[in-house]
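Student: Got a structure here, written out as structure tokens. Questions coming.
The values are calculated or read from the model by the stated rules, or taken from the named source; none is laboratory data. Just so it is clear, the model here is predicted, and its values are computed rather than measured. Methodologically, a virtual Cβ is constructed for each residue, glycine included, from the backbone with ideal geometry; neighbour enumeration extends over all protein chains shown.
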Amino acid sequence: MSYQKLALTRLSSAFIQSARDKKQVDVGANLYIGGLDPDVDERILYDTFSAFGVLITAPKIMRDENGRSKGYGFISYDSFEASDAAIQAMDGQWLGGKYEFDTSAHSSR
């Protein structure tokens, strides 16, 4: 596996809703993670990002119809503090192949 620089972004409230019960999730606690290497899987995201707080859902990597990573994913924390800690520690860090760096945050906080 090669290393790639991560890009973390907070998601807007219009984007995140629980499909199961349609309740809104705390906006600032949901993060977009861009710049993922194809070799990075959900387990690696869990192992990396659970160090900053409690993940309320399993990390999700978006995949194409053939199951290949599209290079981005999502994680949801139980608090703003955990998501803030993850952004501060991981935004712009290397976690796989190619370089990508983008930090546009959206929060209603």
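Student: Identify all residues within the stretch 40-56 that are surrounded by 13 or more Cβ atoms within 10 Å (Cβ to Cβ) and not in a strand (DSSP E or B); write none if there are none.
Tutor: Of the residues in the stretch 40-56, the ones surrounded by 13 or more Cβ atoms within 10 Å (Cβ to Cβ) are 40-42, 44-46, 48-50, 52-53, 55-56.
Those that are surrounded by 13 or more Cβ atoms within 10 Å (Cβ to Cβ) and not in a strand (DSSP E or B): V40, D41, E42, I44, L45, Y46, T48, F49, S50, F52, G53, I56.
Student: Also: Among the residues of the stretch 70-79, count how many are closer than 21 Å to W94 by Cβ and either within 10 Å of the chain's Cα centre (by Cα) or buried (at least 18 other Cβ atoms within 10 Å of the Cβ) (or both).
Tutor: Here is the first cut: in the stretch 70-79, the residues closer than 21 Å to W94 by Cβ are 70-75.
If we keep only those that are either within 10 Å of the chain's Cα centre (by Cα) or buried (at least 18 other Cβ atoms within 10 Å of the Cβ) (or both) too, we end up with 71-75.
Qualifying residue count, the stretch 70-79: 5.
Student: Then there is this: Just to verify a result, which residue in the stretch 80-97, among those that are of a type in the set (D, E, K, R) and surrounded by 14 or more Cβ atoms within 10 Å (Cβ to Cβ), is modelled with the highest pLDDT? Spell out how you get there, then give the answer.
Tutor: Looking only at the stretch 80-97, we keep the residues that are of a type in the set (D, E, K, R), and these are 81, 84, 91.
After this cut, where a residue has to be surrounded by 14 or more Cβ atoms within 10 Å (Cβ to Cβ) as well, the list is 84, 91.
Values: D84: 90, D91: 85.
The extreme case among them is D84.
Conditions tested, residue by residue: (1) modelled with pLDDT of 90 or more; (2) over 15 Å from Q93 (Cα atoms); (3) touching a helix residue (DSSP H, G or I) at 6+ places or on another chain (Cβ under 7 Å).
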| residue | (1), (2), (3) |
| --- | --- |
| Q24 | no, yes, no |
| A29 | no, yes, yes |
| L36 | no, no, no |
| E42 | yes, yes, no |
| F49 | yes, no, yes |
| F52 | yes, no, yes |
| A58 | yes, yes, yes |
| I61 | yes, yes, yes |
